[in-house]
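Colleague: Sharing a structure below in structure tokens format, with a few things to ask.
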Amino acid sequence: MLAPYLEEAVRQLRAAFPKGVRVGDDDFDPLMVVLWDQLAEENFGLVVEEFTGVNRHVAAARYSEEAEQNRRRLEGRAMEIKALLIEHGWDPEED
């Protein structure tokens, strides 16, 4: 069970992406960049696991590293995704 503020983050992700986002989807990597920028490492893993089904430890180890490596290449789409999340209640100042 997630803490209420993480449940809220997952709810906002589901509102922004009602069909979900899976590994290999066009939005997966830029979404990882946004989440990695916005969440503490442990929370990143928990939220990614709840939203995508990817194991939290895999998310924290693999997708956080890929987010760092791909940040520049994905910056434009990541900004669009962040704006979409903000439209659905995401507060970039909260963790």
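The values are calculated or read from the model by the stated rules, or taken from the named source; none is laboratory data. This structure is a prediction, so every number in the text was calculated from the model and none was measured. FYI the Cβ positions are ideal-geometry reconstructions off the backbone, even for glycines, and counts take in every protein chain you see. What goes into the accessible areas is simple: the full protein's heavy atoms, side chains included, and nothing from ligands, DNA or RNA. Shrake-Rupley method; radii C 1.70, N 1.55, O 1.52, S 1.80 Å.
Colleague: Mind listing whichever residues of segment 48-73 are open to solvent by less than 80 Å² (accessible area, probe 1.4 Å), in contact (Cβ under 8 Å) with a residue 24 or more places away in the chain and farther than 21 Å from Arg14 by Cα?
Modeller: Glu66, Asn70, Arg71 - these are the residues of segment 48-73 that are open to solvent by less than 80 Å² (accessible area, probe 1.4 Å), in contact (Cβ under 8 Å) with a residue 24 or more places away in the chain and farther than 21 Å from Arg14 by Cα.
Colleague: Only one of Ala67, Ala9, Ala61 is over 13 Å from the mean Cα position of the chain (by Cα) and hydrophobic (A, V, I, L, M, F, W, C). Can you tell me which? Write out each step before concluding.
Modeller: Numbers: Ala67 fails: over 13 Å from the mean Cα position of the chain (by Cα); Ala9 fails: over 13 Å from the mean Cα position of the chain (by Cα).
The match here is Ala61.
Colleague: Checking Lys82 against (1) at pLDDT 90 or above; (2) open to solvent by 90 Å² or more (accessible area, probe 1.4 Å); (3) not aromatic (Phe, Trp, Tyr), which single condition isn't satisfied?
Modeller: Every condition holds for Lys82 apart from (2).
Colleague: Residue check, Trp36 against (1) in contact with a helix residue (DSSP H, G or I) (Cβ under 9 Å, 6 or more places away or on another chain); (2) surrounded by fewer than 19 Cβ atoms within 10 Å (Cβ to Cβ); (3) not aliphatic (A, V, I, L, M), all met but one. Which one?
Modeller: It is condition (2) that Trp36 fails.
Colleague: Quickly run through segment 23-40 and pick out the residues that are assigned to a helix (DSSP H, G or I) and either of a type in the set (Phe, Trp, Tyr) or farther than 17 Å from Gly89 by Cβ (or both).
Modeller: Taking segment 23-40 and keeping what is assigned to a helix (DSSP H, G or I), we get 28-38.
Across segment 23-40, the qualifying residues are Phe28, Asp29, Pro30, Met32, Val33, Trp36, Asp37.
Colleague: A further question follows. In segment 1-22, what residues are assigned to a loop (DSSP other than H, G, I, E, B) and open to solvent by less than 80 Å² (accessible area, probe 1.4 Å)?
Modeller: Answer for segment 1-22, where residues must be assigned to a loop (DSSP other than H, G, I, E, B) and open to solvent by less than 80 Å² (accessible area, probe 1.4 Å): Leu2, Ala3, Phe17, Gly20, Val21.
Colleague: Gly20 versus (1) in contact with a helix residue (DSSP H, G or I) (Cβ under 8 Å, 6 or more places away or on another chain); (2) on the phi < 0 side of the Ramachandran plot: which is the lone unmet condition?
Modeller: (2)
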